[in-house]
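Structure record follows, encoded as structure tokens.
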Amino acid sequence: MTLKPFSLYRDQNVQILHARFKATQASSWEMTAEYPVSLVFCLKGPVTSATIKGKYHADAFLALFSGNFICHPGSIVQLKWQKSATVELLVIGLRKEFLTSLAGSDVFKKPASFHLLATGKEGLAGQAPWGLPLQVVNGLNDLLQGSQRPIAFQDLFIKAKLMEIVALFLSRMQELSAPAMPRHSHHQLAVLAKKHIDAVKGKKRFTIIGLAKDLGTNETTLKQAFRTAYGKPLFRYFQERNMQAAKKALQAGQSITTVAAGCGYTYIAHFSHAFKKEFGISPSQCQLT
């Protein structure tokens, strides 16, 4: 039995299909080639397999509260269910050029970067289901409810929700494609953090959260590693370096305004307070020494 879902929305770039039905192992859903990129979301039902052109097969393409995608230019795609159950699916079909325009580049030119099951010219399919965060589930439910809104606002509402879901999906795909960060020991983390601080200038160019992310760790671990290695808090070390650079600049004749800005301070009063706390004298007194 080939299923025919209900169309919630359709234009030259997008098609949104919804289906709720009693699936059996004989049930199948064939994707249309008119919209060759399909984002598939399962709101109810058992594990679903996908087959592209009867040749490439993924046993666990979809699961409950998960999503996945298939790029199937000119290929026949079939979804099948491993056991009989009530199934609810929402499928967003996209023109490839439209998705490319949203992503800023052809996201399917390098399938390896998208953690895909490569199928040559026949098509591409996501290897593993994407567990849907609550934000996406809410967005899908909003799409379903949007079809019941007054016709004057329905088109605008659906397009807004559609863009949000596609953006979240692409963001997730990029997260999966990001190369794994090397795992550093606590001592290595501390050394790398110190090296970064010694090279950076200006408070605005430095945050512990940003540095931790760059090093592939979290803020708490990085702080603990630095304190263990150097006997002082990471930010305290940065502040010392920043104020020492400020002191040298003031003694070299630079104005307080210039030095404060160079250290990342918007307000001179804040800079003066930090400077006096560090050295016991004000920036103007430092200029006189």
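Results, tabulated for the structure shown:
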| item | result |
| --- | --- |
| Any chance GLN285 is open to solvent by 70 Å² or more (accessible area, probe 1.4 Å), assigned to a loop (DSSP other than H, G, I, E, B) and out of contact with any His (no Cβ under 6 Å at 6 or more places or on another chain) | no |
| Selected residue (criterion: nearest to LYS96 (Cα to Cα)) from residues of the range 149-182 that are assigned to a loop (DSSP other than H, G, I, E, B) and modelled with pLDDT under 65 | ALA178 |
| Selection from the range 222-237 of residues that are among the small types (Gly, Ala, Ser) and assigned to a loop (DSSP other than H, G, I, E, B) | GLY231 |
| Residue check, GLN254 open to solvent by 80 Å² or more (accessible area, probe 1.4 Å) and more than 28 Å from the chain's Cα centre (by Cα) | yes |
| Test: residue in the range 25-32 that is open to solvent by 30 Å² or more (accessible area, probe 1.4 Å) and at pLDDT 80 or above | no |
| Residue in the range 206-219 that is surrounded by fewer than 17 Cβ atoms within 10 Å (Cβ to Cβ), among the aliphatic types (A, V, I, L, M), more than 30 Å from ARG183 (Cα to Cα) and at pLDDT below 90 present | no |
| Residue selected from the range 33-72 under the condition open to solvent by 10 Å² or more (accessible area, probe 1.4 Å) and in contact with a Pro (Cβ under 6 Å, 6 or more places away or on another chain), by the criterion farthest from THR86 (Cα to Cα) | PRO36 |
| The range 222-234 residues that are under 10 Å from LEU189 (Cα atoms), paired with ones that are loosely packed, with under 13 Cβ neighbours inside 10 Å (beta carbon under 7 Å, 6 or more apart) | ALA229/HIS187 |
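The values are calculated or read from the model by the stated rules, or taken from the named source; none is laboratory data. Predicted, not measured: the structure shown is a model, and the values here were computed from it. Cβ atoms come from the backbone with ideal geometry, glycine included; neighbour counts cover every protein chain shown. Note: areas computed on protein heavy atoms with side chains; ligands, DNA, RNA excluded. Shrake-Rupley method; radii C 1.70, N 1.55, O 1.52, S 1.80 Å.
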